[in-house]
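These notes are about the structure you will find just below.
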Amino acid sequence: MGKVFQLFKSMTEQGLKLEEQTYRPLLLYVIDMHMVEEFQFFCHVIKEENPSSVTRLGYYELMLWLRVNNEEKIQGIYNYIAENDGQDPSNLRESYLLALCESDRKEKILELLEIIDIKKLSSAESVAKIFQALGRLLLEPVAEKLLLDFKTSNYEADNITNFIASYAVSIPNLLVEDVITKFKDLHQMLEISPSSSSYEKLILHSCALFKCMSLSI
């Protein structure tokens, strides 16, 4: 850890900024190893050198508390998300939500999706991660409801079709043909046409499944 700190220090001395692609592997490692003190130390270093990183560090903070099952910290962050609707210009709330969506806390996720208007998230990429979680957690009625909400709100069709792809390819234990059927059915339900980027996601996922099947034979 000391050597990594020296690398960080060397970067800042050369005028280089500590961006997420630099600190992400380290934070994921200390989270995986349950190294709470080390995580807090490096977060302090990163915040001092790059104050704008506070929002993204919130994502890793909740990932840490989820990993070590610190229920008090998790509940505190959940309360922050639930109680600060529309009052978080830093998008910290969004970062927390995205981290929670990588967990298996289905009830908490559903509660927050009743409160939060995900159409207001900062990017389509963030919304896609929500739909990935809905697929992984087998929450089809919620996914359909949200997709219909996007459609009736005149949200950009290319983004909606990507959300469908993100959802469909995240559903566990589906055969390739079942993923494709789900992809087509949702497009038909919404009466929109798939985009090239959504087809790309579907093709990449199908190829990955075929590869896994061939390796298991």
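The values are calculated or read from the model by the stated rules, or taken from the named source; none is laboratory data. Only a predicted model underlies this, so the values are computations on that prediction, with no experimental measurement involved. Every residue, glycine as well, gets a Cβ built from its backbone with ideal geometry; the counts of neighbours run over all protein chains shown.
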task = Might you let me know whether segment 80-101 holds any residue that is surrounded by fewer than 16 Cβ atoms within 10 Å (Cβ to Cβ), closer than 26 Å to Ala143 by Cβ, over 19 Å from the mean Cα position of the chain (by Cα) and not charged (D, E, K, R)?
result = yes
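If you scan segment 102-124, which residues turn out to be among the hydroxyl-bearing types (Ser, Thr, Tyr) and surrounded by 16 or more Cβ atoms within 10 Å (Cβ to Cβ)?
So in segment 102-124, the residues among the hydroxyl-bearing types (Ser, Thr, Tyr) come out as 103, 122-123.
Within segment 102-124, just Ser103 meets the criteria.
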message = Given the criteria under 20 Å from the mean Cα position of the chain (by Cα), under 26 Å from Phe150 (Cα atoms) and touching a residue at least 40 places away in the same chain (Cβ under 8 Å), does Tyr59 qualify?
response = yes
ask   = Which one of these does Val127 not meet: (1) under 16 Å from the mean Cα position of the chain (by Cα); (2) modelled with pLDDT of 95 or more; (3) surrounded by fewer than 17 Cβ atoms within 10 Å (Cβ to Cβ)?
value = (3)
task = Kindly establish whether Leu138 is among the aliphatic types (A, V, I, L, M), more than 14 Å from the chain's Cα centre (by Cα), at pLDDT 95 or above and part of a loop (DSSP other than H, G, I, E, B).
result = yes
remark   = Given (1) part of a helix (DSSP H, G or I); (2) within 23 Å of Glu20 (Cα to Cα), Glu111 misses just (2)
